[in-house]
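Worksheet for the structure shown next.
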Amino acid sequence: MNTSWRTASLVATAASVLALTTACGQDNTTTPASAAQNVGATAAAGNSGNPGSGTVAGAGNGYGADGSQSSASPAPVAPAGKLSVAGNPELGDVLTDGSGLTLYRFDKDTANPPKSNCADDCATTWPPVPAEDATAGAGIDKALLGEVTRPDGTKQLTIDGWPAYRYAKDVNAGDVNGQGVGGKWFALAPSGKKAKLSDQPGLSVRKDPKLGDIVVDRNGMTVYRFMKDEAWPKPVSNCTGACLEKWPAVAPVNADDTKGVKKKGLMSFTRSDGGKQMTVNCWPIYTFAGDKAPGDTNGQGVGGTWYAVSPDGKPVGAPGE
């Protein structure tokens, strides 16, 4: 019986490797799951919210509470933990807590100075996120994390001054049921702004005056390759831990949400840490935390191992290329 089980396991493993080899060796236009977890993508979302799909019609008070919500017992306050960035197909990069639950901001609050105007029944529907143990994960500027003292004396997490909340109707990681509730509640982008996709494709090509045609993400930020990574027989990222703080992995992008990028080997893969990452020609791709604006190429040639990516996936300007 044990021998049969091991044989079946080996066959399944071989089939999995063969599938990846085929994907990396032939044209592949299979679209990855667009809602996959983003491991530290640095996309800066826009400043205006769009309810999009998944919007829940809120009550007239703008809090989104049901008529019976006020009598509900407050749920135990869960710690924020290590904040992450998740890719959402309708909203782009969304900030989540350590459990993967979406974080929100309230239009009636203020960021300068930080102030929460959500209390009592509102705070039952929109539990304030505690500030005490919150830490910045990959792709999040820790300088944007702060706190505000609520009327009851507790400390609430702020992102660039905006108080952060969860939504009581979000049950699973990745839920965005609070988006657009009452026209006043919006998912937070990692920048503290309202999460919103830009009009630019997920991946496209920009002509750089020094480097020529290079791949950029939907926010115009330069995309890079790490020379220590692997592409065949399957993509492997060797940028982990502290490396991801400087070189956030680009989250999966639908193949039809690209322009000018070669379709062969355009796919996503699962990293060793469980996150999803995009590839161009099967090579894992990243952005650089040192690039502050579209058009920056400060990561080019860093350490002799990081290079901008050409539309066919080659490292631009790398020795021997």
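The values are calculated or read from the model by the stated rules, or taken from the named source; none is laboratory data. As the structure is a prediction and not an experimental result, all values here were calculated from the model. Glycine gets a Cβ as well: all are built from the backbone with ideal geometry, and neighbour counts include every protein chain shown. SASA here: full protein model, heavy atoms, side chains in, ligands and nucleic acids out. Shrake-Rupley method; radii C 1.70, N 1.55, O 1.52, S 1.80 Å.
Please specify each residue of the range 96-113 satisfying the condition of being crowded, with 19+ Cβ neighbours inside 10 Å and not in a loop (DSSP other than H, G, I, E, B).
Step one: filter the range 96-113 for residues crowded, with 19+ Cβ neighbours inside 10 Å, giving 96-97, 101-106, 109.
Correct list: THR96, THR102, TYR104, ARG105, PHE106.
Of the residues TRP162, TRP185, which is farther than 20 Å from VAL250 by Cα and touching a Lys or Arg at 6+ places or on another chain (Cβ under 6 Å)?
Just one listed residue meets the conditions, TRP162.
Within the range 140-172, take every residue that is acidic (Asp, Glu) and modelled with pLDDT of 95 or more and give me the one that is surrounded by the most Cβ atoms within 10 Å (Cβ to Cβ).
Taking the range 140-172 first, the residues acidic (Asp, Glu) are 141, 147, 152, 160, 170.
Then drop every residue that is not modelled with pLDDT of 95 or more, which leaves 147, 160, 170.
Values: GLU147: 18, ASP160: 19, ASP170: 21.
Per the criteria, the residue is ASP170.
Step by step: first the residues of the range 270-282, then only those that are part of a strand (DSSP E or B) and open to solvent by 20 Å² or more (accessible area, probe 1.4 Å), then the one that is farthest from PRO233 (Cα to Cα). Which residue is that?
Within the range 270-282, the subset part of a strand (DSSP E or B) is 270, 276-280.
Still in the running and open to solvent by 20 Å² or more (accessible area, probe 1.4 Å): 270, 276.
Details: THR270: 14, LYS276: 18 Å.
Of everything passing the filter in the range 270-282, LYS276 is farthest from PRO233 (Cα to Cα).
State whether the residues of the range 136-143 include one that is within 15 Å of THR96 (Cβ to Cβ) and touching a Lys or Arg at 6+ places or on another chain (Cβ under 7 Å). Outline the logic, then answer.
Our first condition is that a residue be within 15 Å of THR96 (Cβ to Cβ); within the range 136-143, this holds for 136-140.
When the remaining residues are screened for being touching a Lys or Arg at 6+ places or on another chain (Cβ under 7 Å), the result is 136-137.
Scanning the range 136-143, I find at least one residue that is within 15 Å of THR96 (Cβ to Cβ) and touching a Lys or Arg at 6+ places or on another chain (Cβ under 7 Å), so the answer is yes.
Sort out which residues of the range 285-321 are of a type in the set (Gly, Ala, Ser), in contact with an Asp or Glu (Cβ under 9 Å, 6 or more places away or on another chain) and assigned to a loop (DSSP other than H, G, I, E, B), and write them in order of number. I'd like the intermediate steps shown before the answer.
Kept after step one, since they are of a type in the set (Gly, Ala, Ser), are these residues of the range 285-321: 289-290, 293, 295, 299, 301, 303-304, 308, 310, 313, 317-318, 320.
Narrowing further to those that are in contact with an Asp or Glu (Cβ under 9 Å, 6 or more places away or on another chain): 289-290, 295, 299, 308, 310.
ALA289, GLY290, GLY295, GLY299, SER310 - these are the residues of the range 285-321 that are of a type in the set (Gly, Ala, Ser), in contact with an Asp or Glu (Cβ under 9 Å, 6 or more places away or on another chain) and assigned to a loop (DSSP other than H, G, I, E, B).
Using the structure shown, decide if GLN300 is open to solvent by 10 Å² or more (accessible area, probe 1.4 Å), farther than 18 Å from GLN200 by Cα, touching a strand residue (DSSP E or B) at 6+ places or on another chain (Cβ under 7 Å) and at pLDDT 95 or above.
On the way: open to solvent by 10 Å² or more (accessible area, probe 1.4 Å): yes; farther than 18 Å from GLN200 by Cα: yes; touching a strand residue (DSSP E or B) at 6+ places or on another chain (Cβ under 7 Å): yes; at pLDDT 95 or above: yes.
Criteria met by GLN300.
Among (1) in a loop (DSSP other than H, G, I, E, B); (2) open to solvent by less than 10 Å² (accessible area, probe 1.4 Å); (3) of a type in the set (Gly, Ala, Ser), where does ALA187 come up short?
(1)
Within the range 140-164, how many residues turn out to be of a type in the set (Val, Ile, Thr) and either in a loop (DSSP other than H, G, I, E, B) or farther than 19 Å from LYS184 by Cα (or both)?
Within the range 140-164, the subset of a type in the set (Val, Ile, Thr) is 140, 148-149, 154, 158-159.
Filter once more, keeping what is either in a loop (DSSP other than H, G, I, E, B) or farther than 19 Å from LYS184 by Cα (or both): 140, 148-149, 154.
Total satisfying the criteria: 4.
Conditions first: (1) part of a helix (DSSP H, G or I); (2) surrounded by 19 or more Cβ atoms within 10 Å (Cβ to Cβ). ALA251 passes all but one, so which condition is the exception?
Unmet for ALA251, out of (1) part of a helix (DSSP H, G or I); (2) surrounded by 19 or more Cβ atoms within 10 Å (Cβ to Cβ): (1).
Is there any pair with a first residue in the range 217-241 that is farther than 16 Å from GLY313 by Cα and a second that is aromatic (Phe, Trp, Tyr) and part of a loop (DSSP other than H, G, I, E, B) whose Cβ atoms are under 7 Å apart and which are 6 or more apart or on different chains, and what are they?
Sorted first by the residue in the range 217-241, then by its partner, the pairs are CYS239/TRP247.
List the pairs whose first member sits in the range 96-121 and is farther than 10 Å from TRP162 by Cβ, whose second member is of a type in the set (A, V, I, L, M, F, W, C) and open to solvent by 50 Å² or more (accessible area, probe 1.4 Å), and whose Cβ atoms are under 9 Å apart, counting only residues at least 6 apart or on separate chains?
What qualifies is THR96/ALA173; SER99/ALA173; GLY100/ALA173; LEU101/VAL171; LEU101/ALA173; THR102/ALA173.
Report, by residue number, each residue of the range 191-203 that is closer than 21 Å to ASN254 by Cβ and open to solvent by 10 Å² or more (accessible area, probe 1.4 Å). Walk me through it before giving the result.
Step one: filter the range 191-203 for residues closer than 21 Å to ASN254 by Cβ, giving 195-203.
Residues satisfying the conditions are LYS196, LEU197, SER198, ASP199, GLN200, PRO201.
Could you check the range 52-108 and list, in sequence order, the residues that are over 24 Å from THR154 (Cβ atoms), modelled with pLDDT under 50 and hydrophobic (A, V, I, L, M, F, W, C)? Can you show your working first?
So the first thing to find is which residues in the range 52-108 are over 24 Å from THR154 (Cβ atoms), and the list is 52-60, 66-68, 85-94.
Okay, now just the ones that are also modelled with pLDDT under 50, so 52-60, 66-68.
VAL56, ALA57, ALA59 - these are the residues of the range 52-108 that are over 24 Å from THR154 (Cβ atoms), modelled with pLDDT under 50 and hydrophobic (A, V, I, L, M, F, W, C).
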